[in-house]
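Please read the structure below before turning to the comments.
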Amino acid sequence: MPLINLIHEQRQALRANERKGRIALAGLLASAAVSVGAWGTIWLQSEGARQEAASLQAEVDKLKPIQQAIQASEIQFNSLSPRLATLQDAAMSTQRWGRVMNHLSHHVPTGVWLTQMKCMQPAVTDPVTIELQGLAPSQELASEFILRVQASEDLENVVLKATSGDQVNERQMIRFELKGDLVGTAKPAPVTEADSEETK
């Protein structure tokens, strides 16, 4: 009798072990399926990323000639920009001088003669100074000429330097000298390291 009870207990233990084995097998198969699914998802994502990278690389390769042309244009622009700046400055200076000469040619009173015109610029940071010398039959006409020169938009700080009496062809004349600064010809002072440290 006691052997029968042991067999029953052994069978129950065997069934329990089989159940545990099936559960463990099912868990193993489930984890394997999840692993395979995760691996498949990762593989699909990596394939998608690889294809996207390949298409982006193809786009980069397609745009390389354009990028090289842009870089060549930038190099050419950088080499030519100082010349362009010089030409633009020269054009502005020519226009400015043209306006000054046009103003003088239209605003010299009758009887006033310009005998000399000179300009100088002691330093790049100073404006170009124009000196005009001339003859006038009277102080009034010399003063009128000075007022007309002061009306020029391209001249500033126009002042009378000196006047004196002079005999020209047996006529009494007034010799005058005036000076003014040409607008926009003073360059800003270069910034030094000491100046930049002071502003910090």
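The values are calculated or read from the model by the stated rules, or taken from the named source; none is laboratory data. Worth saying up front: this structure is predicted, and the values here are computed from it rather than measured. Please note: Cβ atoms are built from the backbone with ideal geometry, for glycine as well, and neighbour counts cover all protein chains shown. Only protein heavy atoms, including side chains, enter the accessible area calculation; ligands, DNA and RNA are left aside. Shrake-Rupley method; radii C 1.70, N 1.55, O 1.52, S 1.80 Å.
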Inset, instruction - Could you please find all residues in the stretch 136-157 being open to solvent by 70 Å² or more (accessible area, probe 1.4 Å) and in a strand (DSSP E or B)? - result: Glu156, Asn157
Inset, instruction - Select from the stretch 105-135 the residues that are open to solvent by less than 50 Å² (accessible area, probe 1.4 Å), in contact with a Leu (Cβ under 7 Å, 6 or more places away or on another chain) and closer than 25 Å to Met173 by Cα and list them in ascending order. - result: Val108, Pro109, Gly111, Val112, Ile130, Leu132, Gly134
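Quick grid of which residues meet (1) assigned to a loop (DSSP other than H, G, I, E, B); (2) over 19 Å from Ser105 (Cβ atoms); (3) out of contact with any strand residue (DSSP E or B) (no Cβ under 7 Å at 6 or more places or on another chain); (4) modelled with pLDDT of 90 or more:
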| position | (1), (2), (3), (4) |
| --- | --- |
| Pro127 | yes, yes, no, no |
| Gln133 | no, no, no, yes |
| Val159 | no, yes, no, no |
| Ser164 | no, yes, no, no |
Legend entry - From the options Ala58, Ala49, Ala69, Ala90, residue that is within 21 Å of the chain's Cα centre (by Cα) and of a type in the set (A, V, I, L, M, F, W, C): Ala69
